[in-house]
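Some notes on the structure that comes next.
The values are calculated or read from the model by the stated rules, or taken from the named source; none is laboratory data. Just so we're clear, the structure is a prediction, and the values are computed from it rather than from any experiment. Note that we place each Cβ from the backbone using ideal geometry, even for glycine, and neighbour counts take in every protein chain shown.
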């Protein structure tokens, strides 16, 4: 799972959001490390929807523009939680080594 994909799913754990709110949420959740462009985000959303880990929750029109809200599915929630656990376990390998060791 790519880092942007992980943060999109993590952002959607709080509930359905539209594209621009997802971009803002990803930037906040990742502490500014991940800032997907609109094009990148919608490519990710298409792939996540094709894999059944998110779905369109609803659509509405705001100022004449269609806005789609996406929500995470149960399988998407399980996937992002499993990825978080995998990363936690991977990080513990490094944390378990000598704390004073320097990485070059």
Residues satisfying the stated conditions in segment 11-50, i.e. touching a strand residue (DSSP E or B) at 6+ places or on another chain (Cβ under 9 Å) and assigned to a helix (DSSP H, G or I): 11, 12, 19, 20, 21, 22, 24, 25, 45, 48, 49
Some residue of segment 75-91 being in contact (Cβ under 8 Å) with a residue 12 or more places away in the chain and in a loop (DSSP other than H, G, I, E, B): no
Answer from 43, 32, 39, 15 - the residue that is loosely packed, with under 15 Cβ neighbours inside 10 Å, within 15 Å of residue 76 (Cα to Cα) and either at pLDDT below 95 or more than 9 Å from the chain's Cα centre (by Cα) (or both): 15
